[in-house]
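> Structure provided below as C-alpha cells; questions to follow.
The values are calculated or read from the model by the stated rules, or taken from the named source; none is laboratory data. Predicted, not measured: the structure shown is a model, and the values here were computed from it. Cβ coordinates were reconstructed from backbone atoms using ideal geometry, including for glycine residues, and neighbour counts include every protein chain displayed. What goes into the accessible areas is simple: the full protein's heavy atoms, side chains included, and nothing from ligands, DNA or RNA. Shrake-Rupley method; radii C 1.70, N 1.55, O 1.52, S 1.80 Å.
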Amino acid sequence: MGSLPSDARRQAPCCPDDRRRDVAVPDRCAENPPVNFEQLLLPVSDGGLGLLDLSARNEAIDITWLREYLAFGELRPLWAHVADDLFAMNVAQSASPADPALRINPFLQHWKPLRKGLPGELLALLDVARAHHLRLEGRAFSRDIMRAMPMWDHLQTSKTAVRTLGSRSAATACLKNVHCVVTVGHFEALAAEANVPGHSRQGGCDCDRCTHLRNGLGCAHPQRCYERAERFLNLLPRKWDPRGEHPCDFEDATMADTKDMFPVESGVPVVFDRRITVSGTLADAFRIFERGVADDGTAEADMSVNDREGFEVVATDGSCTNNGFRDAVAGAGVFFTAGSVRNRSIRLPMEMEQSNQAGEAVAAVVASKESDQSVALLQITDSKTTMDAVTRWRHKNEDSGFIMQKNSELTRALIGATLARQAHTAFLWVKGHNGHPGNEAADALAGAGAAKPNADQFHLAFPQNLALTGAKLSTVTQKLAYRAIRLVRAKDARPRASAEARLETILSDLQD
C-alpha cells in the first residue's frame, strides 16, 4: 500500500539516518568486545559505560509515533486518520465488523489488521505496541472516555457476544444506516429514548420522537432499535458502562469532606487523594510498559468511604544498620499505642533493598494494612520522601509508570494499601529524633527490627483492581520510553563470570 503521506513524515520525531546502527559503540569494540556487550550499555553506576543503545532509542521513537497515533481529539494529526483507514482496509475477508466504516481502531476493538500489505511505519506501531504491552487500563474512567469508545466490536466486551449481536439483521442494519450510531455514547442516547415520557413500548407508538424517526429518518420500528441498542450496552462490563454509578460521581465530594477531618495542632496533615478516575480523552486511557499480572480491565474498585466519626493515629519509622553498605540490614517500626498488639517490629527480607528509606516505606504499608479499615487514619512519619511519593508526586509517578523512581514497588504497594482502606488517610511529617512520642516509639521498634537475627515475612499484596501498571502513553516522552526499554534490557545483562569474580573480590576487600 506504500508509505505514509509526506504530512506524516514531516511529523515524524526522528530522521531515518539516525537508524544506521543498533548501538553507538566504538568500532574497536563492535566485533569482539572484551566484556559482555550488554554490560557496556549499563549506566556507570551499575558497572557499565553508559553507551547509547540506538536500538532502544529507535523503539522509543516508535513509541512516540504510537502516542501521536492514539492522540484522539481535535489535534490528532492527519496521518493518524490515514493510518486508521489503512488498518481498516487491510483485513481478512472474514473480518468483523464487515463494514469498514465500523472498524474504527484496532487498539479499541477486537479486530486486528493483516500485516501483509501495511507500510513499514504502521508495522512498527503494531510491533512496538505488542512488544511493550500497550493496553487500555485504569482503575476507573470518566463517562466521556466510556462514551467515546466504539460500541461495535468494543474491546472490553465478549468478542463472541458483541459480534453475534452485531451480525446481519434488520435492526442492526437500521442502527448502522439510519441511526448512524457508532460510539457507546450514541447507543446510550438511542436506548434512552425508550424511557422518554409519553413513549409507549408497544408497537406503533405515536410519540413525537418515534413519529420523527419513522417519517423523518425512515426507521420502521423505533422501539426495536431502542431495544437492540440497550442489548449492546448490556454487554459492557460495569467499569465501561456509563449508565451505572462510578467513582467520578462522588469522589470530588468525598475529598471535600476531609477539610476539617484531621487536627492541625502539630502541623498540617497532607490528605491522601482517593480519586482514581482517568479523565480526558481516549488517549489518556492507554498505558504501555505493562508488566506482571494486571487487572483484566473490567472490574471497578469500590471506592466508597465509611462515615464513621473519629480517626486513629499511627507512627511509622525505618531503620538501617550499615546503611549504604553491602551488609546493610533494614528494619521497620509501626506504633499505634503503648502495648497494642498491632505494634510491629520488622526486619526486611533480604530480597528487598536494605536501606532506611525502604524501611520507612514498609512501615507505612504495614500501618495501612494493620489499621482499622473503616476509620480515618493519620500516619505520622519523619520521611518526607515516603509521604511525598504517595501525596505530592503520586499522580506524576503513576503517569510515568514509576520508571524513574527508586523503591517503586513499595510505593505502589503503599498507594494500593491506602486506596483499599474504606476511609481517608492523611500523613503528617514530624522531625525525627526530636522528642515526638509516637516517632520515638516507632524508631525504637524499627531499630529492634533491624537487630533481629532473622528476616520477617509479610505481604505487600493489595486488590488487583487497584493496581496500576505501566505508564500513561499520552505522557510518555522519548527519554522516558528509552529509560523504560533500557531497564527491561538491563535485567538480562549479566557480567562474565571472570569479571563478576574479580568485582566480588574487590568489593570484599573494600569492605574489609
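One line per residue, one yes/no per condition, for (1) surrounded by fewer than 14 Cβ atoms within 10 Å (Cβ to Cβ); (2) within 38 Å of the chain's Cα centre (by Cα); (3) under 23 Å from residue 98 (Cα atoms):
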position: 168; (1), (2), (3): yes, yes, yes
position: 173; (1), (2), (3): yes, yes, yes
position: 177; (1), (2), (3): yes, yes, yes
position: 181; (1), (2), (3): no, yes, yes
position: 186; (1), (2), (3): no, yes, yes
position: 189; (1), (2), (3): no, yes, no
position: 195; (1), (2), (3): yes, yes, no
position: 202; (1), (2), (3): yes, no, no
position: 206; (1), (2), (3): yes, no, no
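> Restricting to region 20-70, and then to whatever is among the acidic types (Asp, Glu) and at pLDDT 80 or above, can you tell me which residue is farthest from the chain's Cα centre (by Cα)?
53
> Condition test on residue 279, is it open to solvent by 60 Å² or more (accessible area, probe 1.4 Å) and among the hydroxyl-bearing types (Ser, Thr, Tyr)?
yes
> In addition: Run down 362, 341 and say which single residue is of a type in the set (A, V, I, L, M), buried (at least 18 other Cβ atoms within 10 Å of the Cβ) and either in a helix (DSSP H, G or I) or modelled with pLDDT of 95 or more (or both).
Going through 362, 341 in turn, just one is of a type in the set (A, V, I, L, M), buried (at least 18 other Cβ atoms within 10 Å of the Cβ) and either in a helix (DSSP H, G or I) or modelled with pLDDT of 95 or more (or both): 362.
> Continuing with the same structure: Considering only region 374-393, state which residues are within 22 Å of residue 285 (Cα to Cα) and crowded, with 21+ Cβ neighbours inside 10 Å.
390
The rows are residues; the columns are (1) part of a loop (DSSP other than H, G, I, E, B); (2) closer than 29 Å to residue 175 by Cβ; (3) open to solvent by 50 Å² or more (accessible area, probe 1.4 Å).
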position	(1), (2), (3)
55	no, no, no
61	no, no, no
64	no, no, no
67	no, no, yes
71	yes, yes, no
95	yes, yes, no
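> Another question, if that's okay. On the basis of being open to solvent by less than 10 Å² (accessible area, probe 1.4 Å) and either of a type in the set (D, E, K, R) or part of a helix (DSSP H, G or I) (or both), does residue 86 make the cut?
The answer is no for residue 86.
> Further, regarding this structure: Identify all residues within region 394-409 that are within 19 Å of residue 363 (Cβ to Cβ) and either surrounded by fewer than 21 Cβ atoms within 10 Å (Cβ to Cβ) or at pLDDT 95 or above (or both); write none if there are none.
Residues satisfying the conditions are 394, 405, 406, 408, 409.
> Please work out which one of (1) open to solvent by 70 Å² or more (accessible area, probe 1.4 Å); (2) touching a residue at least 12 places away in the same chain (Cβ under 8 Å); (3) assigned to a helix (DSSP H, G or I); (4) under 30 Å from residue 484 (Cβ atoms) is the condition residue 147 fails and give its number.
Of (1) open to solvent by 70 Å² or more (accessible area, probe 1.4 Å); (2) touching a residue at least 12 places away in the same chain (Cβ under 8 Å); (3) assigned to a helix (DSSP H, G or I); (4) under 30 Å from residue 484 (Cβ atoms), only one is false for residue 147: (4).
> For residue 167, which of the numbered conditions (1) farther than 26 Å from residue 281 by Cα; (2) outside any loop (DSSP other than H, G, I, E, B) fails to hold?
Result: residue 167 passes all but (2).
> So, one more: Residues 218, 204, 267, 185: which one is touching a helix residue (DSSP H, G or I) at 6+ places or on another chain (Cβ under 6 Å) and not acidic (Asp, Glu)?
185 is the lone residue from the list that is touching a helix residue (DSSP H, G or I) at 6+ places or on another chain (Cβ under 6 Å) and not acidic (Asp, Glu).
> Report whether or not residue 257 is loosely packed, with under 15 Cβ neighbours inside 10 Å and more than 29 Å from residue 66 (Cα to Cα).
yes
> Here is a further query. Would you please name the residue that is farthest from residue 238 (Cα to Cα), looking only at residues in region 98-141 that are in a helix (DSSP H, G or I), over 28 Å from the mean Cα position of the chain (by Cα) and among the small types (Gly, Ala, Ser)?
So, considering only residues that are in a helix (DSSP H, G or I), over 28 Å from the mean Cα position of the chain (by Cα) and among the small types (Gly, Ala, Ser), the one farthest from residue 238 (Cα to Cα) is 120.
> In the list 327, 317, which residue meets the criterion of being at pLDDT 85 or above, in contact with an Asp or Glu (Cβ under 8 Å, 6 or more places away or on another chain) and among the charged types (D, E, K, R)?
Selected residue: 317, the only one of 327, 317 that is at pLDDT 85 or above, in contact with an Asp or Glu (Cβ under 8 Å, 6 or more places away or on another chain) and among the charged types (D, E, K, R).
> Working only within region 245-276, note down all residues that are part of a loop (DSSP other than H, G, I, E, B) and of a type in the set (Asp, Glu).
Of everything in region 245-276, those that are part of a loop (DSSP other than H, G, I, E, B) and of a type in the set (Asp, Glu) turn out to be 245, 257, 260, 265, 273.
> May I ask you to say which residue of 231, 224 is in contact with a Gly (Cβ under 9 Å, 6 or more places away or on another chain) and open to solvent by 30 Å² or more (accessible area, probe 1.4 Å)?
That would be 224, the only listed residue that is in contact with a Gly (Cβ under 9 Å, 6 or more places away or on another chain) and open to solvent by 30 Å² or more (accessible area, probe 1.4 Å).
> Moving on. With respect to residue 507, is the statement that it is touching a Lys or Arg at 6+ places or on another chain (Cβ under 9 Å), more than 20 Å from residue 134 (Cα to Cα) and at pLDDT below 85 true?
yes
> Restricting attention to region 150-164, and to residues there that are without any contact (Cβ under 8 Å) to a residue 60 or more places away in the chain and surrounded by fewer than 23 Cβ atoms within 10 Å (Cβ to Cβ), which single residue is farthest from residue 283 (Cα to Cα)?
164
> If the requirement is being under 24 Å from residue 263 (Cβ atoms) and touching a residue at least 12 places away in the same chain (Cβ under 8 Å), which of these qualifies: 432, 449?
Checking each option against the conditions leaves just 432.
> Whether any residue in region 291-310 is farther than 30 Å from residue 238 by Cβ, open to solvent by 30 Å² or more (accessible area, probe 1.4 Å) and out of contact with any His (no Cβ under 8 Å at 6 or more places or on another chain) is what I want to check.
Scanning region 291-310 turns up at least one residue that is farther than 30 Å from residue 238 by Cβ, open to solvent by 30 Å² or more (accessible area, probe 1.4 Å) and out of contact with any His (no Cβ under 8 Å at 6 or more places or on another chain).
> Identify the residue in region 455-480 that is modelled with pLDDT of 95 or more and among the polar types (S, T, N, Q) and, among all such residues, is farthest from the chain's Cα centre (by Cα).
Among those that are modelled with pLDDT of 95 or more and among the polar types (S, T, N, Q), it is 478.
> Given the condition outside any loop (DSSP other than H, G, I, E, B) and touching a His at 6+ places or on another chain (Cβ under 9 Å), answer yes or no: does some residue in region 315-330 qualify?
yes
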